[in-house]
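Single-structure report; data block below.
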Amino acid sequence: MRLIPSRPTAALSLVAGAALLLAACTGAGSGSPGASTGGTLDVTVSHTAAGDALAGANGMTLYILTLDTGGTSTCTTGQCAATWPALKGDGSKVNAGSGVSGTWGTTTWADGTKQVTHNGQPVYYYSGDSAAGDSNGQGTNDTWFIAPVDGSQGGPPSGQASTAPTPKASKAGYGY
């Protein structure tokens, strides 16, 4: 009697493939901007054309929205959240790299999502940045600015308005 090695069934292969696809699409373990795996969040300094800025996952520049007040994020849903993904996670787990100062905290959205704050300001990525060091969101609608590394509140240079173009599809300063 000769034994033939068993082969995975088509159904098992389909399930395994679907699981891999789901993991890839959700960014599980990828450290993609906006996502947090629940561990520490490394924040470093990014040297951008707009100046030194805080940077999160993969060296991507972080931004603040001057319309946010009292540590509350106003960009939590829809097109705003898609254009400006939040740095999600627990602010007490931030690992501040060399040159990064300020106080880290957390704000909680109505749906329970936790977003990291820096000196009381929620921080975000910009979907228009594609590489570490990009600062394409700087000055958008004169309300979005790179998150400063020195612990200041951020915004345009003292006494100056931003020179960044205002996106055509804009809604009340949110830059989308």
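Rule-based calculations on the coordinates, nothing more; no lab input. In this text the structure is predicted, and so the values were computed from the model without any measurement. No Cβ is skipped: glycine too gets one built from the backbone with ideal geometry, and neighbour counts run over all protein chains shown.
By other beta-carbon atoms within 10 Å, ranking T61, T40 with the fewest at the front produces T40, T61. Length available on full extension from S130 to D52: 0.36 nm per residue minus the Cα-Cα distance, which gives 26.4 nm.
Once the Cβ-Cβ distance of A110 and D150 is raised to the sixth power relative to R0 = 25 Å, the FRET efficiency obtained is 0.20.
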